[in-house]
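The structure appears below as structure tokens.
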Amino acid sequence: MAGQTIHGPGRRPGGERAPTSPLDTAGPAIELDHLTKSYGKRVAVDDLSLTVGRGEFFGLLGSNGAGKSTLVRMLCGLTAPASGDARVLGMSLRTDATAISRRVNLSPQETAVAANLSVAENLELVARLYGASRAEARSRALDVMESLRLGDRARDRAKSLSGGLERRLSLGMALITKPDVVFLDEPTLGLDVRSRRDLWALLAGLKGTTTVVLTTHQLEEAESLCDRIAIMRDGRLRGVGAVADHLASTGAATFEDAFLALTDEEAGA
Ligand SMILES: Nc1ncnc2c1ncn2[C@@H]1O[C@H](COP(=O)(O)OP(=O)(O)OP(=O)(O)O)[C@@H](O)[C@H]1O
Ligand SMILES: [Mg+2]
């Protein structure tokens, strides 16, 4: 929805500033170490440990309420873990969340655009918040609008966009900062067929250069784009691997059957 807060780098709820640490240029992009998050008595992310490689296209799948968005928000430094930790680009979520937030970006499940700014202004604002010069921000905004087919709406206020167009803008706002790791939380939700296909091509172009963590309910999207896929249920990891690994571990003939075997109430009991 339009009108929500834009999360610039270095901002966390409460506004605290964390110390920075030297950027680790080798090693994995993301390492979860018993990462846990609760809301009251509800454990949304339950003791997760896994590793995502640099340049990997990583899928995060699971039923509604499985904990995907909570995990993604934690890894962007937007919400703090209850216990455990994660290293993102070699930096600890617990001590370096601000530094992490400068190097990653998120296209959130609930889009977060400034309703009264135009499409171009939203894009330029985010680029500027992440340190781009005015000219660089303008040039990047033009590129992003072209690749997301938003050019003809450049001067329109975000609040005048349809749901799918707003989602495309939100995606552009995640990609314009050229993040080392980009988290895309259901990026194709509400997109028309052409836009979805264009987006898949755009995302395929990021392969190997940017680490992408993609959450989706569209299994064919995950199958076609992701190197490996983590499947979650009730905050826990039910399996991690390539599609072939999930087929092998469940004995299912299709990825959909494998997914259901790992996430259905009865199968998971
Ligand atoms: N801010 C919050 N306050 C309280 N509970 C929350 C909050 N955010 C998430 N939860 C709970 O945490 C659990 C995980 O929610 P989350 O949004 O991470 O799931 P999800 O896998 O992204 O689901 P969906 O596919 O519906 O987007 C759910 O039980 C949800 O109700
Ligand atoms: Mg979600």
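The values are calculated or read from the model by the stated rules, or taken from the named source; none is laboratory data. Not measured: the values here are computed from a predicted model. Don't worry about glycine lacking a Cβ; one is built from the backbone with ideal geometry, like all the others, and counts go over all protein chains shown. For the accessible areas, the whole protein counts, side chains as well, though only heavy atoms, and no ligand, DNA or RNA atoms are used. Shrake-Rupley method; radii C 1.70, N 1.55, O 1.52, S 1.80 Å.
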Checklist entry - Any residue at all in region 70-82 that is within 16 Å of ligand 2 (Cβ to nearest atom), at pLDDT 95 or above and either open to solvent by 30 Å² or more (accessible area, probe 1.4 Å) or within 22 Å of Ala154 (Cα to Cα) (or both)? => result yes
Checklist entry - From the residues in region 182-191 that are of a type in the set (A, V, I, L, M) and either surrounded by 24 or more Cβ atoms within 10 Å (Cβ to Cβ) or over 15 Å from the mean Cα position of the chain (by Cα) (or both), which one is farthest from ligand 1 (Cβ to nearest atom)? => result Leu191
Checklist entry - Inside region 151-165, can you point out the residues that are part of a helix (DSSP H, G or I) and either exposed (fewer than 14 other Cβ atoms within 10 Å of the Cβ) or not hydrophobic (A, V, I, L, M, F, W, C) (or both)? => result Gly151, Asp152, Arg153, Lys159, Ser160, Gly163, Gly164
Checklist entry - What do you reckon, is Ser69 part of a helix (DSSP H, G or I), of a type in the set (Ser, Thr, Tyr), away from ligand 1 (no atom under 13 Å from the Cβ) and within 15 Å of Val182 (Cα to Cα)? => result no
Checklist entry - Considering region 167-210 alone, what residues qualify as being farther than 16 Å from Glu221 by Cα and polar (S, T, N, Q)? => result Ser170, Thr177, Thr209, Thr210
Checklist outcome for this item: Residues in region 51-66 that are within 11 Å of ligand 2 (Cβ to nearest atom) and either in a loop (DSSP other than H, G, I, E, B) or of a type in the set (Phe, Trp, Tyr) (or both) total 4
Checklist entry - Hey, Arg194 hits all of (1) open to solvent by 30 Å² or more (accessible area, probe 1.4 Å); (2) under 19 Å from Phe57 (Cα atoms); (3) not β-branched (Val, Ile, Thr) but one; which does it fall short on? => result (2)
Checklist entry - Only one residue in Val126, Val113 is under 25 Å from Trp200 (Cα atoms), assigned to a loop (DSSP other than H, G, I, E, B) and more than 16 Å from ligand 2 (Cβ to nearest atom), so which one is that? => result Val113
Next on the checklist: Considering only region 169-179, I want to know if a residue exists there that is modelled with pLDDT under 95, closer than 18 Å to Trp200 by Cα, aliphatic (A, V, I, L, M) and touching a Pro at 6+ places or on another chain (Cβ under 8 Å).
Outcome noted: yes
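So that you can scan it fast, the table gives a plain yes or no per residue for (1) of a type in the set (Ser, Thr, Tyr); (2) more than 16 Å from ligand 1 (Cβ to nearest atom):
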{"site": "Arg54", "(1), (2)": "no, yes"}
{"site": "Leu60", "(1), (2)": "no, no"}
{"site": "Ser101", "(1), (2)": "yes, yes"}
{"site": "Val119", "(1), (2)": "no, yes"}
Checklist outcome for this item: Of Leu169, Leu175, Leu184, the only residue that is touching a strand residue (DSSP E or B) at 6+ places or on another chain (Cβ under 7 Å) and under 18 Å from Leu129 (Cα atoms) is Leu175
Item to check | Hey, Arg12 open to solvent by 80 Å² or more (accessible area, probe 1.4 Å), modelled with pLDDT under 95 and either farther than 29 Å from Leu125 by Cβ or of a type outside the set (Asp, Glu) (or both) or not | outcome: no
Checklist outcome for this item: Result of the Cβ filter at 8 Å on region 60-77, keeping first residues that are on the phi > 0 side of the Ramachandran plot and partners that are of a type outside the set (Gly, Ala, Ser) and near ligand 2 (Cβ under 9 Å from one of its atoms), at least 6 apart or interchain, is Gly62/Lys68
Next on the checklist: Out of Leu89, Leu48, I need the residue that is within 16 Å of ligand 2 (Cβ to nearest atom), open to solvent by less than 10 Å² (accessible area, probe 1.4 Å), touching a residue at least 40 places away in the same chain (Cβ under 8 Å) and touching a Lys or Arg at 6+ places or on another chain (Cβ under 8 Å). Which one?
Outcome noted: Leu48
Checklist entry - Any idea how many residues of region 200-232 are away from ligand 2 (no atom under 16 Å from the Cβ), open to solvent by 30 Å² or more (accessible area, probe 1.4 Å) and assigned to a loop (DSSP other than H, G, I, E, B)? => result 6
Checklist entry - (1) of a type outside the set (Phe, Trp, Tyr); (2) in contact with a helix residue (DSSP H, G or I) (Cβ under 7 Å, 6 or more places away or on another chain); (3) within 16 Å of ligand 1 (Cβ to nearest atom): which one isn't true of Asn105, the others all being true? => result (3)
